[in-house]
Every structure is written in C-alpha cells, then in structure tokens.
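The values are calculated or read from the model by the stated rules, or taken from the named source; none is laboratory data. The structure displayed is predicted, hence computed values, not measured ones. Glycine also receives a Cβ, built like all others from the backbone with ideal geometry; neighbour counts cover every protein chain displayed. With ligands, DNA and RNA removed, areas are computed over all heavy atoms of the protein, side chains included. Shrake-Rupley method; radii C 1.70, N 1.55, O 1.52, S 1.80 Å.
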Amino acid sequence: MTQPPDERPPRPDEPEGDAAPENAPTVAWTPPESEGEPPAPEAGTPPPPEPQSEPLPPVEPVEPAPPPAAASGPIISATTTPPASEWQTPAEPAESGVPPVVPPGGGWEMPTAVAALPQQQGYVIAGVGARIVGWLIDVTLAGIVPGILAFAVVDWTGIMREAIEQARLSPSGQITGMTATTIPVTLDYILATLIGLGVQFLYFVGFWTSRWQATPGMIGLKMRVVDANTGSTLSVLQATKRWIALGWPLALLALVPALQAVQGLLQLGLTVFLFFTTVTNDRKQGLHDKFANSLVTRSVTSGNGATFAGCLVWGVLVILISFIAFTLFFAAVMPELIDYIRETNPNVT
C-alpha cells in the first residue's frame, strides 16, 4: 500500500535528505475508520486551503427537436397523447352565446341546451272536443257552395225517375234504390265537382294562412292553427299538406262511377283514423298535423261555454241548410213522385 507523504518536521535523530537508514522500520498508514468528519490536523500544521468552486459555463438553449413526420403506413400518429384527466373545470361560456369547446376524451362535458317548444302567452294546446265542434262548423260552411253547384247540375228528376222504375220492378213496390243510384258523370258534373273542391281548398288554406290563422269555426272558439316549431302562421305549402291529409281530395272519386259508392266510406274511415291519432298524441297532433308540422292552440279565456255555444251554432246551421236542401229537392222531384203515387194508388186524385 502506498504511504502518504510525511509532512511532519524531521526529528533531530533522523538524517537529513531523502535517504533513510536501512534498519528504519516501515510505517504502514491506515485510513481512519470514522465516516464522519476528517481528522483534525495536528497542532502547528496549517489548515489545507479550501477548494475554490469554478464558475459553471453558461448553458446554451437547446432547440426542440422537430416532430417526427407522419408515417404513411397504418400508424395514425407517432406522438403519444397524454392521458386525459378524469374531470376538467368547464370554461365560462362566451358572451356571444357559443358554448365552450371541451377537448375530446375529457371526463366532463357541458350538456347541450334543448330547444324549448314554442310558447305563446295566453294560448294552450286545444282540446279534441273544441276542435271537433269547430271542424263541424267549417265542414258545413265549406259545403254550401259545392252543394248548390251539385244540386244545379245533377238531374235529380232523372235520378228519381230511375228509382221509380226500379220500384215498379220490385215486389215490394217501395222506392229503395235511390240511394244506390249512380250519378251520371257529365261535363257539368265534372266542372261542378272541380269548382266545389277549389272552393273548399280556398276556404281552409286561405283562412289558415291569413292573419287570423283560423277558419270561421275556429275563430268562434278562439282557436288557431300555427307552425309547431315557431308558432308562426302556416305557409301555403304547410296548409296545402294539411288540407290533403284531411282527405278533401277524396271528392274526386265521385268522378269515377264505380267508386261513387265507396267515397263516403273512405272519407268516414279516414276521419276516424285521424281522430284516433289526435286523441292518442300528447300535443293533440294527428297524422295530418304531423304531416304539415302544424299545431292547434286555443285561448285560455275560451272555456266549455264557448264549446257549448259552438254546438248550438252548428245545430242551427244543419237544421237550416237541411230544410232548404230538402225543400229544393222535393220541389224538383215532386212531379215524378206524384205520378208514381197515382199509378200505384188509383184512388188518389
């Protein structure tokens, strides 16, 4: 083991110089066992100089390495994405009303606002009872002009004569086949049917798209039909779709002799179906309303009294129109009817 240099001053009995006597014992040096502080220097020995720390060289900025180019193979990205936190504080919404952008994969996302249904002050969804009463009034009013045209162009006297001939051939001798008699399809009848259908189209579509947003029957009950999304007036296209879905074009079946008998049954079946779809819907939107995206509303000030008054008005209209129609009909067919009665009952003069 290498001995450390002996820095102690020489003793008087030791020879000077580097040479040492041959019989001088070799002194072995062993480092101290202690792991603590170094041994204190002996007396008279100057302390070792403290090491001076050299200043560190200035650190040069290291430019970041450019991101690796995207691979053209099946690898989507060569960079690793740090895992998203389980919850992130939502940012405050901007003043413009645009919701804050939440990074994908976050543990919390701001729910999107659901568009509220249109609400108009003072109006609620109309009930089925009030709608039926208003519909009956409108059907009666809209059928006046087509009824007058049909009565004017149809040869009711000839129809009565044909029914009488069938009664003569019948063993019972009763006039029972008049209701099953086919109306002859003439040019006048075709024109009357088309004009009557046009009048009904203008009646409903015109009033639905007017500033009142309602037909006369609906106005009396303080109802109106509006767009289901915005509450605004129906467009002409929406009103036309609603008019078609209600089955008014079925009147064209009367121009086909083989379908005249089933026209009324088809209209009745469609009306019952639309009534069922209206009753079972929470917003009272039947199939015709869904097809046209319409909604029928009613003023909160219109109660059961208005519905009852509407029933009375409709009853008076039906009685008055029926009386006028039967009077004109019997005036037209009365000569043929009197001749038949005289033939079957000779005693009648």
So Thr280, is it at pLDDT below 90, among the polar types (S, T, N, Q) and open to solvent by 40 Å² or more (accessible area, probe 1.4 Å) = no
inquiry  = Would you confirm whether or not region 294-303 contains a residue that is without any contact (Cβ under 8 Å) to a residue 60 or more places away in the chain, under 20 Å from the mean Cα position of the chain (by Cα) and buried (at least 19 other Cβ atoms within 10 Å of the Cβ)?
reply    = no
task = Considering only region 178-209, state which residues are closer than 26 Å to Asn293 by Cβ and either under 25 Å from the mean Cα position of the chain (by Cα) or acidic (Asp, Glu) (or both).
result = Val205, Trp208, Thr209
query = Pairs, please: C-beta under 7 Å, at least 6 apart or cross-chain, first residue over 13 Å from Leu250 (Cβ atoms) and in region 264-292, second open to solvent by 60 Å² or more (accessible area, probe 1.4 Å) and part of a helix (DSSP H, G or I)?
reply = Thr277/Leu287; Phe291/Lys241; Ala292/Lys241
inquiry  = Which condition from (1) within 23 Å of Leu141 (Cα to Cα); (2) assigned to a helix (DSSP H, G or I); (3) of a type in the set (Gly, Ala, Ser) is the one that Ala261 breaks?
reply    = (1)
note = Being among the hydrophobic types (A, V, I, L, M, F, W, C), over 25 Å from Gly127 (Cα atoms) and open to solvent by less than 60 Å² (accessible area, probe 1.4 Å) narrows Leu246, Leu253 down to just Leu253
ask   = Among (1) touching a helix residue (DSSP H, G or I) at 6+ places or on another chain (Cβ under 9 Å); (2) surrounded by fewer than 17 Cβ atoms within 10 Å (Cβ to Cβ); (3) among the small types (Gly, Ala, Ser), where does Gly286 come up short?
value = (2)
inquiry  = Checking Phe291 against (1) modelled with pLDDT of 90 or more; (2) assigned to a helix (DSSP H, G or I); (3) open to solvent by less than 60 Å² (accessible area, probe 1.4 Å), only one condition comes out false. Which one?
reply    = (3)
query = What tally of residues in region 124-148 results from selecting those that are open to solvent by 50 Å² or more (accessible area, probe 1.4 Å) and in a helix (DSSP H, G or I)?
reply = 8
query = Taking the condition among the polar types (S, T, N, Q), modelled with pLDDT under 95, out of contact with any Gly (no Cβ under 9 Å at 6 or more places or on another chain) and within 23 Å of Val318 (Cβ to Cβ), does Thr230 pass?
reply = no
query = Does Gln238 satisfy the criteria of being part of a helix (DSSP H, G or I), at pLDDT 90 or above and in contact with a strand residue (DSSP E or B) (Cβ under 9 Å, 6 or more places away or on another chain)?
reply = yes
